Amino acid sequence: MEERVYNFSAGPAVLPVAALEEAQRNILAMPGVGSSILEISHRSKTFTEIIEQAEANLRKLLAIPENYRVLFLQGGAQLQFAMIPMNLLAGSGKAADYILTGTWGKKAAKEARTQGEVRIAWDGDSTNLTRVPRQDELKLNPEAAYVYLCSNETIQGVQFPSEPQSGDVPLVCDASSDILSRPVPIEKYGILYACAQKNAGPAGVAVVIVRDDLVERSPENLPSMLSYSAMAKAKSLLNTAPVFSIYVLKLVTDWLLGEIGGLDKMLEINQRKAKMLYDAIDQSEGFYEGHAEQANRSLMNVTFRLANSELEGRFLEQAATRNLASLKGHRSVGGFRASIYNAMPVEGVQTLRDLMLDFCRENG
Ligand code: PMP
């Protein structure tokens, strides 16, 4: 069998081996069913149990309060860029506040403008998208329909250490690249959502956690597939759900609850992994330069450059010889990006840290 590399891809990304192996074991015939998960009805008893267990796992891991719905929707995170303003902004007579700390927040704001008035509460371009705003820098409108943020900007590697305060205005968060990496006070959010393909499972499903009172705001004239209210009523099964993606999400959350032991434990591991790489950057005396300001560094996407960019090709070549894959940074930021999601093994991060130290010694 082909050997697995240490895969630092930003997404779709590395998944827990235990989850992949379980999926592999059951791909021909699920125990007690005799058919693959790919071959059974999304309304079968077996799949009903899977989607209910996936929701129960998420509720347990994130301590999701009773008054929130958990929806499994298609269209990735980017359909949420549109569904959020379709459900909460269009026709509300209000504007929405967007906090921009990177590429994904900007894209979300652009989509929202197709549905209503968008105000920019803070624009990270003023500081080259290297940090999140302080509370006193935010220009928030107390009458806004919602305040939008992206908790972890995957491309820039900039993460909110805690949520901004929005008073009575619902906070709406794209947590695509840090969901399930740490405990989150869901009760502080109106909506928290994420595509699955980084920390939660395969592409094809997005998890959308919505407070009940916001579910009820969906305009009547929305097409059902775009309406939180219709989707919540149908328990995410209005049409044929992405059964395999939801199944693997269930396996990934089983792994988090079982082998890992919950999100406090996961956070500890993630902090340890990130520290190894940030220490290598900070102790290199300028050989490596981190993109994000220290206080807002992402635990999931470590972005850095070489002061001498001519050495980048050689760094990537050496990475490949050590089984380290997908380290090239996004073209808009350059340099490197090590995405070290939950399922990236500690040994993978150690191997990258060792390469960074050796490469600095040899070329610094
Ligand atoms: N938001 C964030 C923070 C992301 O990292 C991504 C994907 N890289 C997206 C949104 C878009 O996700 P999708 O491709 O599922 O629409």
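Of note:
- Descending semi-axes in Å of the range 203-324, equivalent ellipsoid built from Cα gyration tensor: 41, 19, 17
- Under 14 Å, Cβ to Cβ, from Gly116 - net charge with Lys/Arg +1 and Asp/Glu -1: +1
- Computed lengthening from Thr240 to Gln283, 0.36 nm per intervening residue step minus Cα-Cα distance: 10.3 nm
- Panel note: the C-alpha atoms of the range 262-363, placed on their principal axes, show extents of 42, 29, 25 Å (largest first).
- Per-peptide average of other Cβ atoms within 10 Å, ordering 87-99, 104-116 highest first: 87-99, 104-116
- Aspartates and glutamates whose Cα lies under 19 Å from that of Lys275, excluding same-chain neighbours fewer than 8 positions away: Glu153, Asp178, Asp264, Glu285, Glu289, Glu293, Glu347, Asp354, Asp358
- Mean-position separation - Cα centroids, the range 124-193 and the range 280-294, in angstrom: 25 Å
- A simple spin-label model places pseudo-atoms 7 Å from Cα toward Cβ; at Asp136 and Glu347 they are separated by 5.0 nm.
- Only Cα pairs under 8 Å and 6+ residues apart enter the sum, and on that basis the relative contact order of the chain stands at 23 percent.
- Ranking Leu79, Val5, Gln197 by Cα position along the charge dipole of the chain, where only Lys, Arg, Asp and Glu carry charges on their C-beta atoms, puts Leu79 farthest toward the positive end.
- Residue order, fewest to most beta carbons within 10 Å, for Lys328, Lys139: Lys139, Lys328
- Over 32 Å between alpha carbons, listed pairs Lys110/Lys265; Lys110/Lys328; Lys45/Lys328; Lys45/Lys107; Lys188/Lys265; Lys250/Lys273: Lys110/Lys265; Lys45/Lys328; Lys45/Lys107
- Rounded FRET efficiency, nearest 0.05, which uses the C-beta distance separating Ala82 from Ser126 and R0 of 22 Å: 0.25
- Expected 222 nm ellipticity per residue - DSSP helices of 4 or more, -39500 (n - 2.57), all of the chain, to 500: -10500 deg cm²/dmol
- C-alpha center-to-center spacing [the range 304-321, the range 20-80] in angstrom: 40 Å
- Dipole-positive endmost among Gly286, Gln318, Leu263 within the range 262-363 (Cβ charges, Cα centre): Leu263
- Spacing of the two label points (7 Å from each Cα toward its C-beta) at Ala90 and Ala230, in nm: 1.1 nm
- Cα pair distances in the chain, grouped into 20 Å bins until the bin that holds the longest one, percent each: 29, 56, 15, 0
- You can think of it this way: the chain between Glu143 and Leu357 has 71.9 nm of extra reach, that is 0.36 nm per residue less the Cα-Cα gap.
No lab work stands behind these numbers, since they all come straight from the coordinates. Being a predicted model, the structure only gives us computed values, none of them experimental. For neighbour counting, all protein chains shown are included, and Cβ atoms are generated from backbone atoms with ideal geometry for every residue, glycine included.
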